[in-house]
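The values are calculated or read from the model by the stated rules, or taken from the named source; none is laboratory data. Worth saying up front: this structure is predicted, and the values here are computed from it rather than measured. Every residue, glycine as well, gets a Cβ built from its backbone with ideal geometry; the counts of neighbours run over all protein chains shown. We work out accessible area using only protein heavy atoms, side chains counted, and drop any ligands, DNA or RNA first. Shrake-Rupley method; radii C 1.70, N 1.55, O 1.52, S 1.80 Å.
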Amino acid sequence: MLDIRNVSLSFGALKVLNNASFSLGKGEVLGLIGPNGAGKTSMMNVITGIHRPQTGEIRLGGIDITTSKPHEIAERGLRRTFQTSLLCSGMSVVENVMLGLEPQPAYGFWGALVGSPKVRQWEEEARQKSMEMLDWMGMAAFADRPGSSLSFGQQRLVEIARALVSRPSVLLLDEPAVGLTAPRVDELAEKIVSIRTEFGTSILLIEHVMQLVFAACSRVVVMNAGEVIADGDPKTVTADPRVVESYLGRGYYAES
Amino acid sequence: MAVPVQSIRSAWRSGSWVYPVAIAVVVALIGMTLNPYLLFLLTRVVIFSMLVAGLNVLMGYSGLLSFAHAALFGIGAYVTGLMQVHLGVPYPVALLTATVGVTGAGTLLVLPALRLSGIHLAIATLAVAQAVHWVLINWSAVTFGAGGFRAPSIAIFGLNATQSIFLTSLVLTTIGYLMVRQLVRTSFGRKFVAIRDNSVAAAANGVNVTATKTIAFALSAGCAGLAGGLYSALLGFVAPESFNLEQMILMKVMAVVGGLGTMLGSMIGPALVIFLQEQLRDSQGWLEIIFGAVLIGFVLFLPKGIAPLIYRVLAGKRTETVETGPRTGQKVGLSAPTDRAVEN
C-alpha cells in the first residue's frame, strides 16, 4: 500500500533520514518506534509531502508521490494526525471534522457564492458523515464545542476522526497516545484495530507507549539516527540487541 | 416578546437573507429623507461596507495581511472613471469592467506574493500598493497625474446624483454582502479559517493552501474594485490621494473596530469610523489625537470589535456565538478568534 524506498533527508549538514526503506501492507497496522531524534516524524513529514527527500522514492498504491504536494497526497487517500494536536481553534469540533471532507465538494465557487441547492445538500451530508464519525470515536457530545475547548487527549481523538472521515486508504498516526490515561490507551488500541477491520485502512503508528504498540501493531519498524535498524513482529524486534541498546534499554525486559 | 426575539436569533443564526434585506430597505428609506451631506456620508458607509466585507474575508477569515487594498480600491475608481472619460463607456459597463478587471489584476499582482504569509506577505502587498500609487501619479497621459480628474456622476429613476449612487451602492453592497456571507458559511469558509489557524494541518487534510489564498484574495480584490467604482461616482472627482496608505490604514481600522472575521462587523466598522471622523472634523488639531485615543481604547478594552457584543445579545446568553457555518439551522462555531463560540 505504501512503499518507502531508500529515502534520505538532510537539513544542511544534519542528516535526519539515511537511506531508510520499509513498506506498509494493505490493511496492516505498522508501528514505527525509536528514540527521540530517530527521524520518525521526519519520515512522516516526507511521506505526507511536507518535506521533499533528497533521494529515494515513496509510492502510495503503486503511484509515485515523492514530489507530490501535501494536499495532493491527502486527496489520494493518505491522511495523518500530528504530534501536537492541530485542530482549528476558530471552528467547532464537527466543523473541524468536516474539514476532512473538503477537497472536492459537489459545488464550486459560484455555487457557494449564490447558495445553490447543492450547497445545502452537501453541507448537510458532510455534517451527517462527520457526526457519525464523531459518534464512532465517542466524541459526538462535543460536536458543537470549539476545538480549542477540549482537553489534549480529546483533541487527539477529534483529529483522528477528521483524518478518518474521508475513509482514507492509509492513515498515519503520530503519537496518538500522548495525553491519554492508561485505560484510554487501551481504548485507543481497540479503536485502531477497529479502524483496520471496519474501514480496511492501513495504519502507520508512531508511538513511544509500548502498551499501545503491542496491542495494535502486527509489525514494528525501528529507526535510530535516521536509519531503519529493525523490521519484524513486535516480540522479535523488541528482543533485537540493537533495539534494546538504542531505544528500549537493558532494563526493559527486567521491568516487563 | 420572547417569541419574536427567539425567531430573530434563529433567523440570524440560520443565515436568512430576510434580515439583511430588511435592514437595507430601512436604510434606503432613511437615506432618501436625508440632506445631501448626510446622504453622502451614509453612501460612504455603504461603499466601505462592501470593501471591508472583502477585506474581512482576507484578514479576518483567512488571516492574510494585505496592504494592497487601497490601491485596488483606487484601480477600481480609476478604471471606472477613466473608461467613461476617455472611451465614453456607460457607467454600468465601466463598473462591471473595473470589478472584473481588479479581481483579475489584483490576483495576478499578488500571485507571486501568495507563497508568503504574515509580515512578508504584508510587505510584498505594500510594494504593490506603492507601485500602483506611483503609476497613478506619474502616468499623467492616462490618469491625469497627481491633480486627478472629474468623474461623471450617475442619475437613475429621475433622482439626483447622490441619491442615485446611494441606491446603486446599497443594492450592490447588499447583494455582495449576502454572497460573501453565503460563501464563508460553506466549505470555502472552513478552508479560509483552516489556512489561517494552521496551514500545515489544512494541507494534510487536502486543502490546497495556495488556491484557497488566491480565492480569498480574488474575492476581496473584487469587492475593492466594485467599491472603488462606486466611490468614483460618489466623489465625482478621482485623485491618487484618496487611495494612499493612510486610506489603507483607515480600512484596516474599520475591519478591526467592527470585528475581524465577522460579516456584521463589516457594516459596523465603517459606520463607526466614518461617524467618528465627521464628529471630530470640527476639532481641528485634536482630530488625530482623539481619533488615535479612541482606537487605542478599542485595542485595549474591546479588541474583538463591536460585532461580538451584538452576537452575544442575539445569542441571548453569555456566549460569543457566531453568524457563520452551514445553513443547517444547527448551532455553529465557524468564526474568527474574535467571536468563536465559547462555552460558559
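Check off (1) assigned to a helix (DSSP H, G or I); (2) surrounded by fewer than 19 Cβ atoms within 10 Å (Cβ to Cβ) for B:Leu272 and give me the number that stays unchecked.
Result: B:Leu272 fails condition (2) only.
Might you check whether a residue that is at the interface with another protein chain (Cβ under 10 Å from one of its Cβ atoms) and in a strand (DSSP E or B) occurs anywhere in segment A:88-106?
yes
Of the residues B:Arg13, B:Arg44, which single one is basic (Lys, Arg), modelled with pLDDT under 90 and in a helix (DSSP H, G or I)?
Exactly one residue qualifies, and that residue is B:Arg13.
Name the residue that is modelled with the lowest pLDDT, counting only residues in segment A:59-113 that are polar (S, T, N, Q) and under 19 Å from the mean Cα position of the chain (by Cα). Explain how you work it out, then say what you get.
Taking segment A:59-113 and keeping what is polar (S, T, N, Q), we get A:66-68, A:81, A:83-85, A:89, A:92, A:96, A:104.
Narrowing further to those that are under 19 Å from the mean Cα position of the chain (by Cα): A:66, A:68, A:81, A:83-85, A:96.
Values: A:Thr66: 94, A:Ser68: 94, A:Thr81: 92, A:Gln83: 84, A:Thr84: 81, A:Ser85: 71, A:Asn96: 93.
The selected residue is A:Ser85.
Need the failing condition index for A:Ala163 against (1) outside any helix (DSSP H, G or I); (2) farther than 20 Å from A:Gly39 by Cβ; (3) within 14 Å of another protein chain (Cβ to nearest Cβ), just the number.
Exception for A:Ala163: condition (1).
Is there a residue being more than 8 Å from every other protein chain (Cβ to nearest Cβ), out of contact with any Asp or Glu (no Cβ under 6 Å at 6 or more places or on another chain), of a type in the set (A, V, I, L, M) and not in a helix (DSSP H, G or I) anywhere in segment A:122-141?
Scanning segment A:122-141 turns up at least one residue that is more than 8 Å from every other protein chain (Cβ to nearest Cβ), out of contact with any Asp or Glu (no Cβ under 6 Å at 6 or more places or on another chain), of a type in the set (A, V, I, L, M) and not in a helix (DSSP H, G or I).
Among the strands (runs of 3 or more DSSP E) confined wholly to segment A:1-86, which include 1 or more residues that are in contact with a Pro (Cβ under 6 Å, 6 or more places away or on another chain)?
A:2-11, A:78-80
Open to solvent by 10 Å² or more (accessible area, probe 1.4 Å), more than 14 Å from every other protein chain (Cβ to nearest Cβ) and of a type in the set (Asp, Glu) - does that describe any residue in segment A:65-72?
Taking segment A:65-72 first, the residues open to solvent by 10 Å² or more (accessible area, probe 1.4 Å) are A:66-72.
Add one more test, that the residue is more than 14 Å from every other protein chain (Cβ to nearest Cβ), and what stays is A:66-67.
Now restrict to residues that are of a type in the set (Asp, Glu): none.
Looking through segment A:65-72, none of the residues is open to solvent by 10 Å² or more (accessible area, probe 1.4 Å), more than 14 Å from every other protein chain (Cβ to nearest Cβ) and of a type in the set (Asp, Glu).
Considering only residues of segment A:33-58 that are under 17 Å from the mean Cα position of the chain (by Cα) and open to solvent by 30 Å² or more (accessible area, probe 1.4 Å), which is nearest to A:Leu101 (Cα to Cα)?
A:Ile50
Looking at A:Arg59, is it in contact with an Asp or Glu (Cβ under 8 Å, 6 or more places away or on another chain) and within 14 Å of chain B (Cβ to nearest Cβ)? Working first, answer last.
Working: in contact with an Asp or Glu (Cβ under 8 Å, 6 or more places away or on another chain): yes; within 14 Å of chain B (Cβ to nearest Cβ): no.
Judged against the criteria, A:Arg59 is not a match.
For A:Leu30, work out the one condition from (1) crowded, with 21+ Cβ neighbours inside 10 Å; (2) under 22 Å from A:Lys69 (Cα atoms); (3) out of contact with any helix residue (DSSP H, G or I) (no Cβ under 9 Å at 6 or more places or on another chain) it doesn't fulfil.
Evaluating A:Leu30 over (1) crowded, with 21+ Cβ neighbours inside 10 Å; (2) under 22 Å from A:Lys69 (Cα atoms); (3) out of contact with any helix residue (DSSP H, G or I) (no Cβ under 9 Å at 6 or more places or on another chain) leaves (2) as the failure.
Would you point out the residue of segment B:111-124, among those that are in a helix (DSSP H, G or I) and in contact (Cβ under 8 Å) with a residue 60 or more places away in the chain, that is least open to solvent (accessible area, probe 1.4 Å)?
Taking segment B:111-124 first, the residues in a helix (DSSP H, G or I) are B:112-115, B:118-124.
Keeping just the survivors that are in contact (Cβ under 8 Å) with a residue 60 or more places away in the chain gives B:114-115.
Values: B:Leu114: 4, B:Arg115: 209 Å².
This residue is B:Leu114.
In the list A:Val193, A:Val165, which residue meets the criterion of being farther than 20 Å from A:Lys40 by Cα, among the aliphatic types (A, V, I, L, M), within 16 Å of the chain's Cα centre (by Cα) and open to solvent by less than 20 Å² (accessible area, probe 1.4 Å)? Walk me through it before giving the result.
Working: A:Val193 fails: open to solvent by less than 20 Å² (accessible area, probe 1.4 Å).
Going through A:Val193, A:Val165 in turn, just one is farther than 20 Å from A:Lys40 by Cα, among the aliphatic types (A, V, I, L, M), within 16 Å of the chain's Cα centre (by Cα) and open to solvent by less than 20 Å² (accessible area, probe 1.4 Å): A:Val165.
Looking at (1) in contact with a helix residue (DSSP H, G or I) (Cβ under 8 Å, 6 or more places away or on another chain); (2) within 29 Å of A:Met91 (Cα to Cα); (3) open to solvent by 30 Å² or more (accessible area, probe 1.4 Å); (4) among the basic types (Lys, Arg), which one does A:Arg219 not meet, given that it meets all the others?
Against the list (1) in contact with a helix residue (DSSP H, G or I) (Cβ under 8 Å, 6 or more places away or on another chain); (2) within 29 Å of A:Met91 (Cα to Cα); (3) open to solvent by 30 Å² or more (accessible area, probe 1.4 Å); (4) among the basic types (Lys, Arg), A:Arg219 comes up short only on (2).
Could you tell me whether A:Leu150 is in contact (Cβ under 8 Å) with a residue 60 or more places away in the chain and in contact with a Lys or Arg (Cβ under 6 Å, 6 or more places away or on another chain)?
Working: in contact (Cβ under 8 Å) with a residue 60 or more places away in the chain: yes; in contact with a Lys or Arg (Cβ under 6 Å, 6 or more places away or on another chain): no.
Taking the combined requirement at face value, the residue does not satisfy it.
For B:Ile30, all conditions in the list (1) within 16 Å of the chain's Cα centre (by Cα); (2) farther than 25 Å from B:Pro303 by Cβ hold save one; what is the number of the exception?
Going through (1) within 16 Å of the chain's Cα centre (by Cα); (2) farther than 25 Å from B:Pro303 by Cβ one by one, B:Ile30 breaks only (1).
Residues of segment B:229-281 being touching a strand residue (DSSP E or B) at 6+ places or on another chain (Cβ under 9 Å) and within 30 Å of B:Arg185 (Cβ to Cβ), which ones?
If the condition is that a residue be touching a strand residue (DSSP E or B) at 6+ places or on another chain (Cβ under 9 Å) and within 30 Å of B:Arg185 (Cβ to Cβ), then B:Tyr231 is the only one that fits.
For a quick check of your reading: which helices (runs of 4 or more DSSP H) sit entirely within segment B:178-264 and have at least 2 residues that are surrounded by fewer than 21 Cβ atoms within 10 Å (Cβ to Cβ) and within 11 Å of chain A (Cβ to nearest Cβ)? Walk me through it before giving the result.
Working: elements: B:187-197, B:199-204, B:209-235, B:245-258.
Result: B:199-204, B:209-235.
In segment A:3-32, which residues are under 17 Å from the mean Cα position of the chain (by Cα) and charged (D, E, K, R)?
Filtering segment A:3-32 for residues under 17 Å from the mean Cα position of the chain (by Cα) gives A:3-4, A:22-32.
Hits for segment A:3-32 are A:Asp3, A:Lys26, A:Glu28.
Does A:Leu113 meet the test of being closer than 15 Å to B:Gly206 by Cα, buried (at least 17 other Cβ atoms within 10 Å of the Cβ) and within 9 Å of chain B (Cβ to nearest Cβ)?
Numbers: closer than 15 Å to B:Gly206 by Cα: no; buried (at least 17 other Cβ atoms within 10 Å of the Cβ): yes; within 9 Å of chain B (Cβ to nearest Cβ): yes.
No; evaluated as a whole, the condition is false for this residue.
Look through segment A:172-203, keep the residues that are of a type in the set (Gly, Ala, Ser) and in contact (Cβ under 8 Å) with a residue 40 or more places away in the chain, and return whichever of them is farthest from A:Gly25 (Cα to Cα). Break it down stepwise before answering.
Residues of segment A:172-203 of a type in the set (Gly, Ala, Ser): A:177, A:179, A:182, A:189, A:194, A:200, A:202.
Of the ones still in play, those that are also in contact (Cβ under 8 Å) with a residue 40 or more places away in the chain are A:200, A:202.
Working: A:Gly200: 11, A:Ser202: 7 Å.
Looking at the filtered set, the residue picked out is A:Gly200.
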